[in-house]
Number of protein chains: 2
Amino acid sequence: LPFEVKILGSSSATPTTERNQSSQLLNIHEQFYLLDCGEGTQLQLLKAKAKINKIRHIYISHLHGDHYLGLFGLISSMHLGGRNAPLTIFGPRGLAEIITLQLRYSETILTYPVNFYELDETPSVIFEDDKITVTVIAMNHRIKCYGFIFKEKEKKRKLIKEKIPAEMRLQDIVKLKNGEDLYSDSGELVIKNAEVTYPPRHCRSYAYCADTLYDERILQFISDVDLLYHESTFSSELQDRAIKTHHSTAREAGIIARKANAGMLIIGHFSTRYRDLRPLLAEARNEFPNTMLAFEGELFSIEEKFLTNVPSGGN
Amino acid sequence: LPFEVKILGSSSATPTTERNQSSQLLNIHEQFYLLDCGEGTQLQLLKAKAKINKIRHIYISHLHGDHYLGLFGLISSMHLGGRNAPLTIFGPRGLAEIITLQLRYSETILTYPVNFYELDETPSVIFEDDKITVTVIAMNHRIKCYGFIFKEKEKKRKLIKEKIPAEMRLQDIVKLKNGEDLYSDSGELVIKNAEVTYPPRHCRSYAYCADTLYDERILQFISDVDLLYHESTFSSELQDRAIKTHHSTAREAGIIARKANAGMLIIGHFSTRYRDLRPLLAEARNEFPNTMLAFEGELFSIEEKFLTNVPSGGN
């Protein structure tokens, strides 16, 4: 089952002819989630051959235009495409007001329901189903800004079929999948879990850290994340400007990834002043070697994997 | 002095990979005016190497997203570009409210003043300076929609220098430029205007007729226009759909151009269903041969020309 991030835009405040404004499309188990929606995102989705009406949720980090100006156009195109399925939009206070006003003046009655979820308390779990949880955290920007962490739910251990007696009771199977050993009524160990089950698959996770000053307070929430996106508007040469505008440098993104023990780092939200991004990449890699540049159309996929050498038992 | 229209977007409700949403850049005497501003317009301006901070006015025809969603991004980029010069935005009721709300939530204090001019009465002259007048007219669409007519102001006749006596008084020169003959104090004809002046240059004009049902009521305002843009969302095969959605067919655009005695017709605002636009062009040309397709990057220029055989005298 896929767990992947497609980059739709990697530019910051203004677009360039090569880079679009912030947006990413997540595919988790064939459910689609859009992260930010800068101007032109619907065109990027078209180029990526994504089916816009399969998008289930849209998460908007903050109300600077480069992160949400494509939203109304996308909503309109979903409408023109005859969407029926509800759309949930998670965003800061004010987003619902803006979109509602735009709908009112265009006199549009959408073909589908839109549910607005106003972000407020952090950290908090803002969505969960049987597959994933989504947690919102606070970024440190000039205006209220949020980050989002997507994580697969804890999975069951996998039975080694040839080692499971045919007549096993359903409740015992559940116990084994939950990692428990099986005991007889008299309390003797009958089946040791580790001998008849494989460890559960790893719960994959992705953290999207939008516009922010370098702030270690996020580390506690993103530690051990498989894939980390962290904004990287400037190179260290413009450290002062990063501080002044509440943005991060590539080096700082690398430090965050290292301290969070992330599996991989994606840097993005590049200032338009950088035509050549290799210096930013080098700077981040100096702190955290497994760093990649966000660029339009790139797909980052986290493979499913079984954890190795995980002790059996316990919950 | 230029009088030209650059097409930035020719698509209707949704963009395609080849066509952007409605926007045109007018250059009249090196003053720049933007007509509509669909999503992605700032990128189109960038591709056209236009200097966004030279744009003096923006005219928004109506509040369907494909005509104004690029506006806030453009305003923001002008801000980031350090604009100082005031920007005037002409648009329907509601536009100022939307933009003001977006500015409020992004906590942006623009580096330049924005003046909103709310369109209301039609027809009316909404702008004039010493070079041009801009008149707003009513389109016939599902929501309030406006068209705009740009016209050079009446010009003076041009003196034929070698025929003008060296000692002529300033007030007589003014009279000649205004087309008057000169008389002596005793009332005798001294100089016949037509013999010492060339006719004035033609006053060039452009009419931008945005989303509309076929409606002959616009003819009185656009008659004899040099260059006419008329929306042409559908071909005649979809006449019913055109009526239902309050749009026009290419054939209808051609009829309007013919009845208005326009110099040239540009058709645009094409439905995304048309990959090949030649049938629409053929249909319009069948009614009005001098028709051209709007496409991204195309420049339509109205040459300066002296009117020929214009009788002298009169004002």
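The values are calculated or read from the model by the stated rules, or taken from the named source; none is laboratory data. A quick note: this is a predicted structure, and the numbers were derived from the prediction, not measured. Positions of Cβ are generated from backbone atoms using ideal geometry, with glycine treated the same way; all protein chains shown enter the neighbour counts. Remember, those area values only see protein heavy atoms, side chains included, never the ligands or the DNA or RNA. Shrake-Rupley method; radii C 1.70, N 1.55, O 1.52, S 1.80 Å.
With surrounded by 15 or more Cβ atoms within 10 Å (Cβ to Cβ) and under 17 Å from the mean Cα position of the chain (by Cα) as the only criterion, which of A:E296, A:E287 stands out?
A:E296
Kindly indicate whether A:E118 is more than 22 Å from B:H141 (Cα to Cα), charged (D, E, K, R) and within 10 Å of another protein chain (Cβ to nearest Cβ).
Criteria not met by A:E118.
Would you confirm whether or not region B:171-178 contains a residue that is assigned to a loop (DSSP other than H, G, I, E, B) and polar (S, T, N, Q)?
yes
Checking the conditions here, which among A:E231, A:E152 is acidic (D, E) and closer than 16 Å to A:T133 by Cα?
Unique residue meeting the criteria: A:E152.
Okay, residues lined up against (1) under 22 Å from B:G9 (Cα atoms); (2) in contact (Cβ under 8 Å) with a residue 24 or more places away in the chain:
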| position | (1), (2) |
| --- | --- |
| B:K163 | no, yes |
| B:L189 | no, no |
| B:V196 | no, yes |
| B:C209 | yes, yes |
| B:E216 | no, yes |
| B:L219 | no, yes |
| B:T233 | yes, yes |
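Scan region A:139-149 and tell me whether some residue there is more than 9 Å from chain B (Cβ to nearest Cβ), small (G, A, S), open to solvent by less than 30 Å² (accessible area, probe 1.4 Å) and touching a strand residue (DSSP E or B) at 6+ places or on another chain (Cβ under 7 Å).
Yes: one or more hits.
For region B:38-123, list the strands (runs of 3 or more DSSP E) that sit wholly inside it and hold at least 1 residues that are buried (at least 20 other Cβ atoms within 10 Å of the Cβ) and in contact (Cβ under 8 Å) with a residue 40 or more places away in the chain; which are they?
Answer list for region B:38-123: B:55-59, B:87-91.
If A:E4 satisfies every condition in (1) assigned to a loop (DSSP other than H, G, I, E, B); (2) away from chain B (no Cβ under 11 Å); (3) surrounded by fewer than 24 Cβ atoms within 10 Å (Cβ to Cβ); (4) not aliphatic (A, V, I, L, M) but one, which is the exception?
So the condition that A:E4 fails would be (1).
Just to verify a result, which residue in region B:150-161, among those that are open to solvent by less than 100 Å² (accessible area, probe 1.4 Å) and without any contact (Cβ under 8 Å) to a residue 40 or more places away in the chain, is nearest to B:H64 (Cα to Cα)?
Per the criteria, the residue is B:L159.
Looking at B:I132, B:I173, can you tell me which residue is among the hydrophobic types (A, V, I, L, M, F, W, C), modelled with pLDDT of 95 or more and more than 30 Å from B:I243 (Cβ to Cβ)?
Just one listed residue meets the conditions, B:I132.
Looking at region A:180-224, which of its residues are open to solvent by 70 Å² or more (accessible area, probe 1.4 Å) and assigned to a strand (DSSP E or B)?
Hits for region A:180-224 are A:Y183, A:L189, A:V190, A:Y198, A:R201.
With respect to the numbered conditions (1) within 12 Å of chain A (Cβ to nearest Cβ); (2) under 19 Å from the mean Cα position of the chain (by Cα), which one is the sole condition not fulfilled by B:I98?
Going through the list (1) within 12 Å of chain A (Cβ to nearest Cβ); (2) under 19 Å from the mean Cα position of the chain (by Cα), B:I98 breaks only (2).
B:I60 fails exactly one of the following numbered conditions: (1) farther than 21 Å from B:D129 by Cβ; (2) within 14 Å of another protein chain (Cβ to nearest Cβ). What is the number of that condition?
So B:I60 meets the others, but not (1).
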